[in-house]
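Worksheet: the structure to be examined is printed underneath.
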Amino acid sequence: MRPFRQTFQTLTGSALLRGLFAFGSAEAATRVIRLGALLIVARRVTPDIFGTAALALSVFELVRVLANAGIGQRLITATDAELPALCRTAYRLFWMLCLGVAAVQLAAAAVLAAVFDLPQVGQMLAALSLVYCVMPPGLVQIFLTMRAMRMPAVARIAATQNIIDSALTVSLVLIWPTAWAIVLPKLLAAPVWTVLARRSTRWTDSPAVTPASWRAFALMGPSILATEMLSALRLNADKLVVGALFGTEVLGIYYFAFNAGLGITQSFVAACNLVVFPHLAKTAASEGAAEFRKAFATGLAMLVWARTCSTAPWRWPRASGSKSRSNRSPPGRRSPSPGSPAPMPSAGSRGRFWERRHDPRGSPAGRFRHGRRDTRAVAVRGRAHSRPGGFARRPDGPGDQPRPASRLRPDRDPRPAMLEQVALSRGVAAAQSACAHRPGGAQLHPPRWRW
């Protein structure tokens, strides 16, 4: 009990692990709620309406990355002495940058409405440009929260905004099934994020502090902006291509399939960037490489664990304890009793059959499973045909001859081959008993393989 308690204290004592667990759980909950909302929306709106909203949201995501110009990252890496002055400058830069991005989005809306004859998409983009007027009051506070490594608070803020967004989307779609019902919740949920971000860290723009020079933010801006733009193009450029080539109706179907199949992996990778960067910024230069390897290994292990846990009930039904079709008898057929011979496959069957699983401990109690036919473990293929003095033709052997002993690999464990021999013998016995009651039925001979 004591080693387990020490391990638990070690895991909970690490700020990196706490942040990864917080973001992982928040993304999982958000993903489930968003998927449910997506299914409800798909039932209420047509693909054309869904495609119109998808086009507006894709352009909005592409334009929004311009607001991430490395200003917040500079606050995270700042020292305690220069932080107050940098915060005042960052607050002004945030307002200037967000207003500039809003102007770019308004220009994109005008182009879509005038040149591409999409007035509704242009109106939606014009409405979504108001989001950039709500963001600046909470940007300094949220980056200060990340600088303090309070990642659970950041994860709660993001999860709350996404859950409110999904709830508003479902409510508006049920009342007003149009493209606006899918787009407007992005604008309505933005004030919630601003209020929660301002409450996460107390900071005010004090006139007594002299602002720092804007050149202090010019070092990290271009590289971070280029990275964010490439990431946004990778995620949203395909939607623009589909909409331009096939129209909004096909885009709606594609957008629904893309979001329905989007797993938690991509969201977890994006969350790792938010958690690992402040952790590395707090690390000394001499320990940077070691901490980077540690953070990479930790994030990769948690990602593999999350993927394994999310897909285990479907990939490994026996290991997870869930009941599957492999543990049930077919309808209208009773499971054979222990000790009875394995049933013969039906005549002409090419697909699935019932076979007896051998117990390696020698117990007569076995289990019957419904699996793919294995030509190495049954005596006949499909219909009951045989040849005198041999077996039916095998797909992996030379004609009628059994597999020679020279083809067996000595480095393999002989136990699977022994189990295969036992299953083959039982299949031959069942075939002989079935052929004995058939007029003119040919007798099958036992296997002549030697191990």
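Assorted remarks:
- Each other residue within a Cβ distance under 15 Å of residue 270 adds +1 if Lys or Arg and -1 if Asp or Glu, for a net charge of +1.
- Full extension of the chain between residue 199 and residue 106 yields a length gain of 30.4 nm, computed as 0.36 nm times the residue separation minus the alpha carbon distance.
- Residue order, fewest to most surrounding Cβ atoms within 10 angstrom, among 91, 132: 91, 132
- Ranked list, fewest to most other Cβ atoms within 10 Å of each Cβ, for 214, 95: 214, 95
- Summarising the label geometry, the points placed 7 Å from Cα in the beta-carbon direction at residue 95 and residue 308 lie 5.2 nm from one another.
- Under 19 Å from the residue 206 label point (7 Å along Cα→beta-carbon), backbone N, segment 63-88: 75-76, 78-88
- Placing a pseudo-label 7 Å from each Cα along the Cα-to-Cβ vector at residue 35 and residue 229 gives an inter-label distance of 3.5 nm.
- Using a Förster distance of 30 Å, the FRET efficiency for residue 250-residue 281 (Cβ separation, nearest 0.05): 0.10
Throughout, read-outs are computed from the coordinates displayed, never taken from laboratory work. Predicted model only: the values in this text are computed from it and were never measured. Here the Cβ is made from the backbone with ideal geometry for all residues, glycine too, and neighbour counts use every protein chain on show.
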